[in-house]
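The values are calculated or read from the model by the stated rules, or taken from the named source; none is laboratory data. Everything numeric here is computed off the predicted structure, so don't read it as measured data. So basically every Cβ, Gly included, is an ideal-geometry build from the backbone, and we count neighbours across all protein chains shown. Just the protein is used for accessible areas: all its heavy atoms, side chains included, with ligands, DNA and RNA removed. Shrake-Rupley method; radii C 1.70, N 1.55, O 1.52, S 1.80 Å.
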Amino acid sequence: MVKVISQETFDAAVLENVIEFDMSLEDAIIEAEKEFSAMDVRTDVVKNFTLSEDKKSVVHFIVKALEEIRSELELPSGDNLQEPLATVRAQCKLSVAHRILANQHNGYDTLLNLMKKVQDDPELLEQTLKAMVALTETNPDVLTPEGIQLMHQLINDWKSRTNEPTMAEYLARWSVECCLKHEKNRQNLVANGSLEVLTALLQAQRSCSKVVRATCKALRAFTLDDDIRQEFSKAHEHARQLVEDHDLITICLGILKDYLNESDTASELLSTVSKLCVRAEYCQLAVDKGALVVINDVLVSFPDHAGLNKQAMLLLKNMVGNDKVKEEAMKTGAPFLIISALDKHQAVPGLCEAGISALSMLSLRVPAHATSLLQSGGADAIIQSMKIHPKEKQLQKLGCMAIRNMVARVPENQKYFLEIGAENIIQQALENHGQPMKDVTQAALRDLGADVKLQEQWKGTGHEINR
């Protein structure tokens with residue numbers, strides 16, 4: 001088990017080095033780190049601090065700033081808040097240890113109380129909100145019901161102020177930080193109306209790209225299943241609510257048409273729609289609202305934007321889980337544009353993964369699609385991507401699956417894959433990545449008709465079952 005120390009223990013060791021051994025503060029910190037390292041103790045604590053004037057105590061910048069804020073809160077005016085707020089924000093951005101130290105000194109309650117007090121002062125409210133976002137980053141446990149209520153109140157107050165979008169952006173970012181890797185927060189936020197509030201914010205601020213991006217991230221955070229502390233997640237239920245209760249697919253595709261010339265914002269909107277296509281009927285809804293047209297527009301009009309192309313491919317991959325959508329997608333020509341994009345962006349592993357997974361889904365269980373994609377260069381694009389990125393395990397896995405889907409029901413396609421070196425590429429993937437790739441590589445080799453040694457997992461003993 002890894003041994004760790006508290007901030008107080010580390011501070012005491014540094015003080016001892018300063019007082020007992022007359023070291024400078026910098027040398028005392030370095031020596032304390034060496035001492036604990038020699039004892040195999042991790043020092044994941046705050047190490048940038050100063051000493052009091054009498055050199056008898058440690059002074060942490062973030063603790064001092066929080067004390068100054070609390071002192072100002074007790075005064076009627078509270079004029080001297082800008083500097084301590086900037087310090088809190090800057091310190092919280094340095095490390096998790098700084099944010100934990102702020103937690104231990106009531107940082108969350110201090111900022112929450114200040115936000116309530118300065119609601120009528122946009123400048124101070126903005127600075128306080130930015131500090132709160134910094135404090136909550138990878139530190140979502142601090143959220144309270146009182147904080148949820150204030151968050152929603154502020155979003156409702158600021159959602160229509162399109163001339164001051166920064167506040168809306170940081171409110172959405174606060175929501176994101178509270179949701180990441182924290183299932184209980186997500187459920188509490190949803191129970192208190194976050195999905196409705198954030199959807200209204202997205203619509204009200206649709207003309208501001210920064211707010212659109214931040215709000216899309218906030219809404220997608222509710223569809224995550226990333227909290228290892230929780231056995232069950234409501235990610236699917238949250239996606240259902242966003243689609244059925246708040247019509248988010250329609251909203252995102254409607255806004256997307258205004259941002260096809262802005263790749264970052266278009267990517268966020270495409271990614272959001274992709275996360276919502278978790279049922280066949282939602283995939284069909286996306287098609288009915290013009291998703292295939294948008295995907296084609298992206299792939300045709302912005303061939304140089306690898307990130308935007310990747311999101312378009314991922315959306316297509318999710319939608320074609322619906323067999324009817326798969327047929328419609330083939331008719332639009334989007335799959336052949338994906339092959340072209342794969343040829344153009346072979347050096348980008350993330351895009352290659354997205355493109356290969358889309359081709360794999362399009363050819364699954366449909367021999368005509370498999371043949372059409374192979375004849376259009378799909379096989380070459382898959383093999384070339386695997387050749388260029390031999391160390392990318394997920395890409396290699398997806399490539400093997402795509403090869404299987406393109407040959408399993410069309411034996412005639414085996415010959416071409418073997419001619420372009422598919423067998424060697426698959427064997428190389430198994431050699432590079434070992435056991436995690438064993439099943440998928442052997443299945444691909446088997447369906448290619450190549451030599452493969454399949455291990456018999458269980459053998460009968462020859463004894464009859466007692467009845």
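In terms of its C-alpha gyration tensor, segment 108-174 comes out prolate, because a/c is 1.5 or above and the ratio a/b outweighs b/c. Using just its DSSP H runs of length 4 or more, each adding -39500 (n - 2.57), the chain gives a mean residue ellipticity at 222 nm of -21000 deg cm²/dmol after division by all residues.
Model label points for Tyr416 and Arg42, set 7 angstrom from Cα along the Cα-to-Cβ axis, are 5.1 nm apart. Provide, for q = 0.13, 0.27 Å⁻¹, the log10 of I(q)/I(0) from a solvent-free Debye sum over equal Cα point scatterers in segment 36-120. Once normalised to I(0) and log-transformed, intensities are -0.48, -1.35. Amide H contacts for Leu51 (H built 1.01 Å from N in the peptide plane; partners 5 or more residues away or on another chain; cut-off under 5 Å): Val59.
Between Glu431 and Asp304, take the C-beta separation as r, use R0 = 30 Å, and let me know the FRET efficiency to the nearest 0.05.
My answer for the efficiency is 0.30.
In plain terms, the chain from Ser6 to Ala280 could stretch by 93.5 nm, reckoned as 0.36 nm per residue minus the Cα-Cα distance. So, R0 is 22 Å and r is the distance between the beta-carbons of Ile30 and Lys181; what FRET efficiency does that work out to, to 0.05? Approximately 0.10, to the nearest 0.05. Find which of Gly193, Met151, Thr223 sits farthest along the positive direction of the dipole of segment 147-301, computed with +1 on the beta-carbon of Lys and Arg, -1 on that of Asp and Glu, about the Cα centre. Farthest towards the positive pole: Met151.
Computed from point charges on the beta carbon alone (+1 for Lys and Arg, -1 for Asp and Glu), the dipole magnitude for the chain about its Cα centre is near 2140 Debye.
Each label was represented as a point 7 Å from its Cα along the Cα-to-Cβ direction; for Glu328 and Leu94 these points are 5.5 nm apart. For Asn261, neighbours were defined as the other residues whose beta-carbon sits under 14 Å from its Cβ, and their charges (Lys and Arg +1, Asp and Glu -1) total -4. For segment 67-102, the residues whose backbone nitrogen is under 13 Å from a point 7 Å from the Cα of Asp141, taken along Cα to Cβ, are 97, 99-102. Put Glu183, Glu53, Glu68 in order of accessible area, highest first, and with a 1.4 Å probe you get Glu53, Glu68, Glu183.
Against the longest principal axis of the chain, how steep is helix 334-344, in degrees 0 to 90 to the nearest 10, with axes from Cα atoms? The angle comes out near 70 degrees. Net charge of the neighbourhood of Val278, taken over other residues with C-beta under 11 Å away and scored Lys/Arg +1, Asp/Glu -1, is +1.
Segment Lys56..Ile388, full-extension length gain: 113.5 nm, with 0.36 nm per residue of separation and the alpha-carbon distance subtracted. When every Cα-Cα distance of the chain is counted in 10 angstrom steps from zero, the calculated P(r) takes the values 4, 16, 20, 20, 18, 13, 7, 2, 0 percent. With the full set of protein chains in place, find how many percent of the accessible area of segment 265-420 is carbon and sulfur; take the probe as 1.4 Å. Carbon and sulfur together cover 51 percent of it. Neighbours of Asn432 by Cβ distance under 9 Å: Lys/Arg scored +1, Asp/Glu scored -1, total +1.
Consider all pairwise Cα distances in segment 405-456 and report the whole-number % of them above 19 Å.
Here the tail beyond 19 Å accounts for 22 percent of pairs.
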